[in-house]
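Notes follow once the structure below has been shown.
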């Protein structure tokens, strides 16, 4: 890690404050974060029907033209509380930049300048990787899974009763939102491992040595976060293994950059004034 310069030390000392001031600042940031979430929740709840139509589009495409191209609800309050869940889901996703900004405003004064510069790429990569995971669910996994499971429908015949999909509003939306959060969070793997590599906690060589154990662990994580079927588990496990390999490459690049910076710094120190 880069040693702080006297200027960095002086800048950090200037931000020191009593514990009570830090607590008051934390309360202020939490209040703004809650307000940000609340405003985004209200906006998303107001547009919950449009968001609902977007989230159910893969199911609608799979059932288009069939008699069961609709959804059902079996409890009086089911649709209302589903829209509340949509509002909360959208509030978290839409409000994340503002919430993360409040967290950064609270933490940033306690970091050196070079530490702030080092964290910026990870702050940008976090929402990008979450969006990438969500897009993977919506455009790839979900349509394939719906087509696969909807294929188990059978028509009624003289000798056998038919089987028809009747999707419930709450169950379908809970499944979709769970998958989006699960994939969005697990797609943070390269960000997390790269950050750990940046601070020197993990190395690319260590990640390579732990590859076989990591693969087993990633399959276990996929089994926990996805519905109890092999298709969903593999749909998450395979990308996670690929992301783990990308993480090894990313940490290797960080190590090369650090080695070049250390060599340049050593050469500068050896250069006579």
- Expressed in angstrom and ordered largest first, the alpha-carbon extents of the range 41-191 along the principal axes are 76, 32, 20
- Item | Cα-based equivalent ellipsoid of the chain: semi-axis lengths in Å, sorted from largest, via gyration tensor | 46, 27, 12
- Message: Output needed for the range 153-213: three equivalent-ellipsoid semi-axes, defined as square roots of 5 times the C-alpha gyration tensor eigenvalues, in descending order, whole Å.
- Response: 47, 17, 5
- Query: To the nearest 10 degrees, how steeply does helix 189-198 sit against the main Cα axis of the chain, on a 0 to 90 scale?
  - Reply: 10 degrees
- Query: Relative contact order (percent) for the chain, with alpha-carbon contacts under 8 angstrom and 6 or more residues of separation?
  - Reply: 21 percent
- Message: Report the per residue volume, in Å³, of the convex hull enclosing the C-alpha atoms of the range 58-147.
- Response: 116 Å³
- Message: As I understand it, the value is the acute angle between the Cα axis of helix 19-46 and the longest principal axis of the Cα atoms of the chain; what does it come to in degrees, rounded to 10?
- Response: 30 degrees
- Task: Calculate how steeply helix 169-186 sits against the longest principal axis of the alpha-carbon atoms of the chain, using the helix alpha-carbon long axis, and give the answer as 0 to 90 degrees to the nearest 10.
- Result: 20 degrees
- Item | Cα-derived Rg to Rh of the range 122-273, Kirkwood definition | 1.21
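Coordinate-derived values only; no laboratory data. All of these numbers come straight from a predicted model, not from anything done at the bench.
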